Structure formats: structure tokens, C-alpha cells
1. Quick check on my filter: what residues within the range A:307-333 are of a type in the set (Gly, Ala, Ser), buried (at least 18 other Cβ atoms within 10 Å of the Cβ) and assigned to a helix (DSSP H, G or I)?
2. Please tell me if residue A:121 is under 26 Å from the mean Cα position of the chain (by Cα) and among the charged types (D, E, K, R).
3. Name the single residue that is surrounded by the fewest Cβ atoms within 10 Å (Cβ to Cβ) among those in the range B:66-98 being hydroxyl-bearing (Ser, Thr, Tyr) and without any contact (Cβ under 8 Å) to a residue 40 or more places away in the chain.
4. Taking the stated definitions as given, is residue A:314 more than 14 Å from chain B (Cβ to nearest Cβ) and either closer than 30 Å to residue B:155 by Cβ or not aromatic (Phe, Trp, Tyr) (or both)?
5. Condition (residue is of a type outside the set (Asp, Glu) and within 14 Å of chain B (Cβ to nearest Cβ)) applied to the range A:300-307: is it met by at least one residue?
6. Could you count how many residues in the range A:136-163 are among the aliphatic types (A, V, I, L, M) and more than 17 Å from residue A:191 (Cα to Cα)?
7. Give the residue that is farthest from residue B:109 (Cα to Cα), with candidates limited to residues of the range B:175-195 that are of a type in the set (Asp, Glu) and assigned to a loop (DSSP other than H, G, I, E, B).
8. Of all the residues that make up the range B:99-124, how many are surrounded by fewer than 16 Cβ atoms within 10 Å (Cβ to Cβ) and modelled with pLDDT under 90?
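The values are calculated or read from the model by the stated rules, or taken from the named source; none is laboratory data. On a predicted model such as this, the values are computed, not experimentally measured, just so you know. All Cβ positions, even for glycine, are placed from backbone atoms using ideal geometry, and neighbour counts span all protein chains on display.
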Amino acid sequence: MYYLLTIFLSGLEDFSRNKVRTLLTSLGILIGVLSVVLIIAFGLGLKKSINDQFESLGSGQLILFPGQVLSNGRFKGGGGNQAVTRFSEKDIENLKRLKELKYAIPSVQRSTTVIANGKTEPVDMVMSAADVFVVRNFGLEMGRFFTQQDDQRRAKVAVLGYEIARKLFDEPGNALGKKIKIEQQTLTVIGTVKKVGSGGFGGPDYDNNITIPFRTGYIYNPDKKFSAAVLVVRDPTKLEAAKTAITQTLERDYKKDDFSIVELSQIQGAVTSIFGILSSVLTGIAAISLIVGGVGIMNIMYVSVSERIKEIGVRRALGARRADILWQFLIEAVTLSLFGGLLGISLAFLIVAGVQSFFPAYINVQSVALALGVSSLIGVIFGVFPARKASLLSPIEAIRYE
Amino acid sequence: MIELHDIWKEYQINTEEKFIALKGITLKVDAGEFVAITGPSGCGKSTCMQILGLLDKPTKGKVIIGKREAENLSDNELSRYRNEYIGFVFQQFNLINKLTILENVLVPTLYTRKKLTYNPKEYGAYLLERFGLTEKSKSYPNKISGGQQQRVAIARSLIMKPEFILADEPTGNLDTKTGDEIMRLFTELNTQDKITIVVVTHESDIAARAQRQIKMKDGQIFES
């Protein structure tokens with residue numbers, strides 16, 4: 001124990017003597033560990049933010065899409081054939097009559113630009129029913145949401161997401177009662193939504209949406225068709241029964257392949273699995289830099305062994321066994337890479353703490369353990385070759401070495 | 001007791017030539033002796049000492065240390081013998097520069113598997129005091145004189161309380177006066193501490209301080 005401690009301390013002393021070299025060598029490992037830990041942390045944050053978004057939508061929700069969106073429970077490429085079937089007001093009315101459903105909300109979305117207060121901003125305009133605010137759990141920041149009456153009257157009103165209101169009017173509160181212009185049509189802002197705080201990665205960015213009544217939206221949507229419908233089941237435990245009822249209702253007018261009913265959990269699973277694959281690929285790429293760092297350590301250990309051949313010979317003459325020399329260099333290599341690993345992890349913690357205010361990235365125990373394990377393993381693997389070379393020298397050859 | 005019996009040592013210079021450093025050396029050093037191995041440079045005296053010190057293996061011949069034949073010892077056992085029975089003093093001092101004087105003296109104790117009956121740090125401090133180096137114990141080797149470095153090396157050779165001290169040209173890098181002090185120290189260790197001492201030197205006045213001289217020439221002993 002005393003022996004290992006002495007070797008460990010002597011290794012540390014060697015590093016303090018070669019500060020720049022130690023730092024540069026550790027830099028490779030530092031960058032590798034930093035990128036692995038950060039990518040895992042951001043991946044976890046992404047997953048959490050996606051799950052939070054889905055959870056905020058509540059359970060028992062089904063989404064009706066035109067065409068076949070899913071095949072074998074996975075998303076098909078191309079997003080279905082929306083051109084073929086789009087749902088009409090009549091379809092929605094039929095679904096509303098089903099006793100299994102609490103809500104049937106039509107929805108169509110349009111990417112456009114809004115002009116207001118002398119500013120022009122790109123925006124996603126959602127044309128939907130008044131119930132959408134309830135279903136999506138939106139809170140009111142200012143004013144009011146539009147109502148069914150607004151919809152029936154085709155009132156030219158709009159409810160602004162928090163961010164878009166801030167972008168156009170600096171303060172979301174200033175937006176109330178103001179006119180905005182979308183594609184030559186003037187709308188009055190009657191309310192702003194509380195910050196939802198999601199979006200940016202994968203999920204819908206509600207804070208940047210403008211929601212208007214769907215019938216008002218017929219100005220923009222003259223064929224009066226909807227690209228999706230949000231269906232909320234009365235009893236979430238009877239999801240399958242509801243799906244059957246919906247299918248039967250729609251099959252009166254459509255072929256079986258013309259529509260799909262997707263559970264929120266299916267979408268959630270698909271999105272999460274896409275990001276899961278993405279983040280493991282990125283982690284793999286980041287791991288390559290760990291190997292590059294390891295080669296750096298091996299290089300330095302070779303130099304260190306060559307510089308200290310005489311010392312190795314002296315130690316051997318004084319009774320060090322081959323294993324003792326092996327241990328000494330191995331401990332130095334592991335210390336060097338652990339040092340880099342710990343610096344990388346600390347830096348990752350700092351960066352994650354820095355982004356926490358706007359992105360829910362977090363570092364879990366597993367990724368820290370993985371990074372530390374890999375960095376010390378690299379020390380062992382890349383330290384063992386130089387250390388073996390050092391230990392195999394005959395003492396007298398080593399002492400004579402100049 | 002160390003015994004060399006018909007020792008040959010050959011070095012391969014290239015595929016065709018080889019250099020024969022030792023040509024059938026037989027010698028015996030008894031416990032308590034103070035022996036000088038002497039001769040001109042290149043006569044094989046250093047090679048002879050390296051084989052005596054189990055630092056190198058002969059091409060042919062028997063090395064007997066205590067009652068065991070060195071040929072039968074594993075690398076680990078050779079390390080253990082060097083550690084416990086032999087103290088080395090080199091011409092170049094061979095201290096480890098990044099360790100302090102006291103740490104240098106203690107290096108052999110790091111590698112021992114033997115349970116020491118004394119506190120190595122205290123004994124190291126005592127040896128440094130005995131050689132007048134107490135003030136330097138926290139210094140580093142490159143901060144002290146050659147004579148002081150050699151005394152540190154001698155303290156290091158004594159830390160395991162060895163039976164033998166093998167010294168290879170211990171005065172070679174020192175001036176006459178300092179070299180003289182080092183030799184006086186060896187004499188003292190031999191007479192007071194009863195340690196067997198083998199000094200390899202090419203200087204006849206240094207060799208003259210030993211009880212017995214083994215004179216070598218061209219890889220052979222011609223007078224002992």
C-alpha cells in the first residue's frame with residue numbers, strides 16, 4: 001500500500017514537473033470524455049423534453065392522420081399521402097357524435113409570415129377549434145381564448161403563442177387588441193398563451209404558434225379540409241373500443257388505407273427511438289476522439305519510458321521486480337488519463353449547468369461511470385505497452401543507457 | 001560468501017565478431033573481506049562485478065551466492081537477492097533526481113517483501129546523520145556535491161542492512177581528497193559494521209586500501 005502510494009505520488013510529481021506536456025496529453029482524453037458525456041447529457045435532455053411535451057398533452061389522445069402514417073408501429077418515410085384524403089367538417093361532426101369521444105378537434109397547420117407592429121416574422125398558423133386550448137393544457141397569459149361562437153361567426157381573431165407575441169410586440173401583454181396581418185388578412189389579437197417552454201427539438205413549437213378558429217381559417221383553406229384531427233377519448237382505459245368506433249365511422253366514407261389513428265404513445269415511442277439512434281451514433285463518433293486521446297497517452301508514455309531508462313535500471317538494481325516497474329508506469333498512465341477524464345467531466349458539468357436555463361440536459365451516473373471507466377481503461381491499454389517495454393530491460397543495459 | 005566459478009562472458013558485437021570480456025574467472029569472496037578488483041580499463045573488472053551483483057548473467061559458469069546457484073534463480077528471486085543482500089555503489093552515483101536525498105536512500109525499502117525489523121525512515125535518517133548529510137535530507141541530488149552524492153549512494157546501499165557492498169569505481173568521479181574520504185568510509189563499514197566490501201577500481205592507491213587485491217588483465221585473473 002505504502003509502495004503504491006509512493007509510486008502514485010512520484011507520478012504526480014512527474015506531471016507537475018512537465019505541466020504543459022501533462023495538460024496537452026490529457027487534452028485528448030478531456031475532449032473525448034467531454035464530448036461523450038455532453039452528447040449523452042443532451043440526448044437525455046432531449047428525451048426528457050420530448051416526453052414532457054407528450055405528457056403535458058395528457059393521456060387518452062388519438063391523432064387522426066390521412067393515409068398510412070405508421071407501418072408496423074414505426075413511422076413510414078414521407079409522412080403518408082396527405083394529398084389523397086383530407087378530412088372534412090362533416091367527418092369531424094360524425095366523430096363528435098361518437099359516445100366514446102370527448103373531443104374531436106380538427107386541425108390544419110400552415111407555415112406563413114405575420115406582419116405586425118412594423119415587424120415581419122415567420123410563424124406556424126394553426127387553424128383549430130376552441131377545445132384545442134383545453135386539450136393541450138394551455139394557460140392564458142393575457143386576454144381570452146377564442147370560443148365556439150368566435151368560430152361560428154368566423155371572427156377574425158387570433159391567439160398568440162408566448163414567443164411570437166414577444167417577438168412582435170416586445171411584451172406579450174402589449175399584443176392584446178392589436179392587429180396582425182397574415183397573407184393580406186387582418187386579425188385581432190384577443191389573447192396570448194402562457195409560455196409552454198417546449199419546442200426547438202423535434203416537438204411542435206407551441207410558443208411560436210398563432211392559433212385561429214378553423215372556420216375563420218377557411219380564408220386560407222378554401223377547400224375546407226383538415227390535415228389532422230385530435231381525438232380525446234372519454235375513458236382512456238377503453239382506447240381500443242374508441243379506435244374501433246372511429247374506424248367504423250370513417251369507413252363509411254373512406255377506404256381502410258385512407259386514414260390512420262395513431263396513439264400519442266406510438267408517436268412518442270417513434271420520436272424517442274429516432275433520437276435514441278441519433279444520440280448513440282453521435283456518442284460512437286465522440287468515442288473515436290477517446291481513442292485518439294489514448295494514442296496520445298501511449299506516445300507520451302513511450303517518451304517517458306525512454307527518458308527514464310537509466311532510472312528504471314537503477315530501480316531494478318536496487319531490487320525492483322519487473323512487475324514493480326510495470327505497475328509504476330501503468331499507474332502513471334492511468335493517472336494521466338483519469339486526470340483528463342475528470343477534467344472533461346467537470347467541464348461537462350459546467351456546460352450542462354450553463355445550458356440548463358433553456359435546455360433540460362442532465363448528466364446521469366451511468367455516463368460519468370462510462371466516461372471514467374473508459375478513460376482509465378485507455379490508460380491501462382495504452383500504458384501497458386510502454387510499461388512492458390520498460391520492465392523487460394535488463395538492469396545493467398538500462399543503467400548503462402545514456 | 002559469493003563465489004564465481006569458471007565464468008565466461010561474451011558479447012556479440014555483430015553477426016560475425018564477438019568480444020570475450022571474461023575468460024574463465026574463478027574467485028571467492030568470504031564474509032567480512034574487503035576486496036579490490038583492479039586492472040586497466042577494459043580488463044573485464046566491471047563485467048565481473050555486474051555478474052557478482054546479479055545484474056547480468058554469465059554466458060557460461062556458476063555464480064554461487066550464499067549456498068544457492070544464481071542460475072536457478074528466477075528474475076524475481078534475483079531482484080530479491082539484490083534487494084536484501086547486496087548494496088550497490090556506482091561511479092555515476094545513480095541517484096534519482098526527482099526524489100529527495102532521504103527518498104533516494106529509501107528506494108530499496110519500497111521494493112522489499114521482507115518484513116523490516118526497523119523503521120526505514122528512522123534508519124535512513126540515522127545513516128544520513130552518520131554521513132553528515134542530515135541538513136541535506138530534503139534537498140535534491142543535483143543540488144549537492146559529488147562527494148555528498150556518493151555518500152547518499154552509500155547510505156542507500158546500507159538501508160537494507162546488506163551483507164555485501166559492491167562498488168564500481170566509487171571514486172572515479174571524485175577528486176583525490178573526496179575519494180579518500182569515501183574509501184575511509186568503506187574501511188569503517190568493513191571493520192565496524194562487518195560488511196563485506198568489493199571495490200572495483202583502476203587506481204592502484206585506491207586498491208591498496210583493501211585487504212586483498214584481485215588483479216585482472218584481458219578478462220583473466222593474474223594475481224589474487
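1. In the first step, residues of the range A:307-333 are kept if they are of a type in the set (Gly, Ala, Ser); the result is A:313, A:317, A:319-320, A:323, A:333.
Adding the requirement that they be buried (at least 18 other Cβ atoms within 10 Å of the Cβ) leaves A:313, A:317, A:319-320, A:333.
Hits for the range A:307-333 are A:313, A:317, A:333.
2. Yes; evaluated as a whole, the condition is true for this residue.
3. So the first thing to find is which residues in the range B:66-98 are hydroxyl-bearing (Ser, Thr, Tyr), and the list is B:74, B:79, B:81, B:85.
Next, only the ones that are without any contact (Cβ under 8 Å) to a residue 40 or more places away in the chain stay: B:74, B:79, B:81.
Values: B:74: 9, B:79: 26, B:81: 18.
It comes out as B:74.
4. Working: more than 14 Å from chain B (Cβ to nearest Cβ): no; either closer than 30 Å to residue B:155 by Cβ or not aromatic (Phe, Trp, Tyr) (or both): yes.
No.
5. Initially, the range A:300-307 is screened for residues of a type outside the set (Asp, Glu), giving A:300-306.
Filter once more, so that each one left must be within 14 Å of chain B (Cβ to nearest Cβ): A:304.
Within the range A:300-307, one or more residues are of a type outside the set (Asp, Glu) and within 14 Å of chain B (Cβ to nearest Cβ).
6. Our first condition is that a residue be among the aliphatic types (A, V, I, L, M); within the range A:136-163, this holds for A:140, A:142, A:155, A:157-160.
Checking which are more than 17 Å from residue A:191 (Cα to Cα) leaves us with none.
Summing the residues that are among the aliphatic types (A, V, I, L, M) and more than 17 Å from residue A:191 (Cα to Cα) in the range A:136-163 gives 0.
7. The first filter runs over the range B:175-195 and keeps only residues of a type in the set (Asp, Glu), leaving B:175, B:180-181, B:188, B:193.
After this cut, where a residue has to be assigned to a loop (DSSP other than H, G, I, E, B) as well, the list is B:175, B:193.
On the way: B:175: 31, B:193: 20 Å.
Among residues in the range B:175-195 that are of a type in the set (Asp, Glu) and assigned to a loop (DSSP other than H, G, I, E, B), the one farthest from residue B:109 (Cα to Cα) is B:175.
8. Narrowing the range B:99-124 to residues surrounded by fewer than 16 Cβ atoms within 10 Å (Cβ to Cβ): B:113-119, B:121-122.
When the remaining residues are screened for being modelled with pLDDT under 90, the result is B:113-116.
The qualifying residues number 4.
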